[in-house]
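Okay, so here's the structure we're looking at.
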Amino acid sequence: MTEPICSSGSEERGRALPTSGAAEPALVESSSTLGHRAQAEFAEGFQLLDPVDVPLVAVMGSARTKVGTKEYQRGVEVGAALVAQRFGVMTGGGGGAMAAANEGAHKAGGVSVGLNIKLPFEQRPNRWHRIARLFRYFFVRKVMFVKYSCAFVVLPGGFGSLDELFEMLVLIQTRKVPGRPVVLVGTEFWGGLITWIKETLLAEGMISEEDLDLFHVVDTAEQVAALMPKHAVS
Ligand SMILES: C/C(=C\CNc1ncnc2c1ncn2[C@@H]1O[C@H](COP(=O)(O)O)[C@@H](O)[C@H]1O)CO
């Protein structure tokens, strides 16, 4: 029998949940399990990141960017340029653009953080971060990215990167967090989305003109660095 997609809390209790590989499904566990696990995960994330004494920039981007491509190289350059400005780099800790940014930061001698996520298929953390943790919940991990970053850089990416980008934009737009630079890297890659944001979201009144100021779109690591908050440079 197929598992129901929706189930009530009482149905969940005492029922073995289906698993499909390395990580059992999160969020369909009982409310009390979810609550306890999330609370513990928050505490462990805070413990990991509270002691970090350099300002961190969260760098998001595709898990699929291939090593050796121009895109990967740009990620490495972004990581290195941020370290040159005395920032640490914090990523999702996986492969692709995440590995690129961590590699650039690590090779430049900077702080390199990877917040990995446990998924139902095999995950390998990249080898370029020195402060790391494996998270069960995307939502807990996302709080870490927001709470412990002073800027948000998004390299070309897919659903995951878009999710992280829009989460950050909403939090800034609704003043749940203080404003900070949000920088999209790749004018060609992001161009279609920016056009749609202007021609549909803005034109239909779904966002305001000033919301367009919540993000920047650039092409190079130097341009990313130039948009960073100034306090880290001494
Ligand atoms: C889906 C694939 C691999 C998944 N591995 C991931 N490891 C760590 N972090 C991830 C992973 N997938 C998504 N993320 C987060 O979202 C962003 C990347 O998502 P995108 O859809 O690839 O743009 C990234 O910033 C992570 O924080 C195999 O492709």
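Structural remarks
- When the helices (runs of 4 or more DSSP H) confined to the range 137-210 are screened for residues that are over 23 Å from E222 (Cα atoms) and away from the ligand (no atom under 16 Å from the Cβ), those reaching at least 1 such residues are found at 159-173, 187-196.
So that you can scan it fast, the table gives a plain yes or no per residue for (1) hydrophobic (A, V, I, L, M, F, W, C); (2) under 19 Å from S161 (Cα atoms):
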residue	(1), (2)
R175	no, no
P181	no, yes
L193	yes, yes
I207	yes, no
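- Those residues of the range 41-61 which are away from the ligand (no atom under 15 Å from the Cβ) and more than 23 Å from A225 (Cβ to Cβ), in sequence order: E41, F42, A43, E44, F46, Q47, L48, D50, P51
- Any hit, the range 152-167, residues being modelled with pLDDT of 95 or more and more than 13 Å from the chain's Cα centre (by Cα): no
- Which listed residue, of G179, G186, G158, is surrounded by 15 or more Cβ atoms within 10 Å (Cβ to Cβ) and touching a residue at least 12 places away in the same chain (Cβ under 8 Å): G186
- Residues in the range 23-74 that are assigned to a helix (DSSP H, G or I) and farther than 17 Å from V140 by Cα: K70, E71, Y72, Q73, R74.
- Here is the figure for the range 110-129: residues that are part of a loop (DSSP other than H, G, I, E, B), closer than 19 Å to V153 by Cβ and more than 12 Å from the ligand (Cβ to nearest atom) total 3.
- When A80, A84, A132 are screened for being hydrophobic (A, V, I, L, M, F, W, C), away from the ligand (no atom under 15 Å from the Cβ) and surrounded by fewer than 19 Cβ atoms within 10 Å (Cβ to Cβ), only A84 passes.
- Top-ranked residue in the range 94-109 [being in a loop (DSSP other than H, G, I, E, B) and within 8 Å of the ligand (Cβ to nearest atom); ranked as nearest to the chain's Cα centre (by Cα)]: G94
- Those residues of the range 57-99 which are touching a strand residue (DSSP E or B) at 6+ places or on another chain (Cβ under 9 Å) and of a type in the set (F, W, Y), in sequence order: F87
- Residue pairs whose Cβ atoms lie under 6 Å apart, separated by 6 or more positions or on different chains, with the first residue in the range 43-70 and closer than 24 Å to D163 by Cβ and the second part of a helix (DSSP H, G or I) and of a type in the set (S, T, N, Q), are M60/S161; G61/S161.
- Residues located in the range 111-127, provided they are touching a residue at least 40 places away in the same chain (Cβ under 8 Å) and surrounded by 22 or more Cβ atoms within 10 Å (Cβ to Cβ): V113, L115
The values are calculated or read from the model by the stated rules, or taken from the named source; none is laboratory data. These numbers were taken from a predicted model, which means no experiment stands behind them. Cβ atoms come from the backbone with ideal geometry, glycine included; neighbour counts cover every protein chain shown.
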